[in-house]
Amino acid sequence: MGIARNVFSVLVPGGGKIHRRKYLSAAVVLVLWTAALDAYILLKTLRPAGVPLYVEPALLTALVATFAANLVNELLHIERERRNISTGRVDELYAKALAAYVAGEDHSADDLLRSALQLDELNADCLFLRGQIAAQLGRKRRARRLLRKCNDFDENGKWKHEIDSVVGQL
């Protein structure tokens, strides 16, 4: 069942979002991809006169780009699900890092978060705290990179306002 679900998620644009119950974004991706596919098929079969030369390559590019973006997104989610087996260890490292951060041991917390991110590089909590620590240590470029990555993989928007606040201070 897991393999069939992963194949469906990768091959059908928006399929993985359906599995994750993100129906609106799944519908948008699927409708846009289907509309571009329909337009491309109609263009190839009917060959209407007066259509500019750039329309066919533009439609093909839109199809390929949508499919490739979905493929990359779903492969990242599949990898994250695979890595979630080690979530207990990540949570343990995050708890220790948070305790070290609260105690003012920024370098120790950063080391613990680095270890946690080696287990799950898409963990939004670890990315945010590591970005916040980098900002406090004056490493602005690293902080922006980590916070941007956190924002990209924070599926529920948990850290959105905090990220905006920290980035605004940089």
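Descriptive notes on the structure:
- For segment 51-114, the alpha carbon convex hull comes to 112 Å³ per residue, rounded to a whole number.
- Equivalent-ellipsoid semi-axes of segment 1-159, from the Cα gyration tensor, Å, largest first: 42, 19, 11
- Contact order normalised by residue count of segment 54-126, Cα under 8 Å, 6+ apart, percent: 29
- For segment 1-122, size of Cβ-based charge dipole, Lys and Arg +1, Asp and Glu -1, in debye: 660
- Dipole in debye (nearest 20) - segment 55-170, about Cα centre, beta carbon charges: Lys, Arg +1; Asp, Glu -1: 440
- Solvent-accessible area, 1.4 Å probe, carbon plus sulfur percent, for the chain: 61
- A crude spin-label estimate for the pair D38 and R142, with each label 7 Å from Cα along the Cβ direction, gives 5.1 nm.
- Globularity ratio of segment 72-160, using Cα Rg and 2.2 N^0.38 Å: 1.05
- Residues listed by number, segment 35-74, amide nitrogen under 11 Å from Y23 label point at 7 Å toward C-beta: none
- 1.4 Å probe accessible area per residue over segment 2-94, in Å²: 65
- At 0.692 mPa s and 37 °C, Stokes D of segment 1-88 from Kirkwood alpha-carbon radius, µm² per second: 226
- Calculated FRET efficiency, K96 to D164, Cβ-Cβ distance, R0 = 22 Å: about 0.20 to the nearest 0.05.
- Each Cα pair under 8 Å and six or more residues apart adds its sequence gap; the mean of these over the residue count of the chain is a relative contact order of 13 percent.
- Charged side chains reduced to their Cβ positions (Lys and Arg at +1, Asp and Glu at -1) give segment 115-156 a dipole of some 520 debye around its Cα centre.
The values are calculated or read from the model by the stated rules, or taken from the named source; none is laboratory data. Being a predicted model, the structure only gives us computed values, none of them experimental. For neighbour counting, all protein chains shown are included, and Cβ atoms are generated from backbone atoms with ideal geometry for every residue, glycine included. The area values use the complete protein model at the heavy-atom level, side chains included, leaving out ligands, DNA and RNA. Shrake-Rupley method; radii C 1.70, N 1.55, O 1.52, S 1.80 Å.
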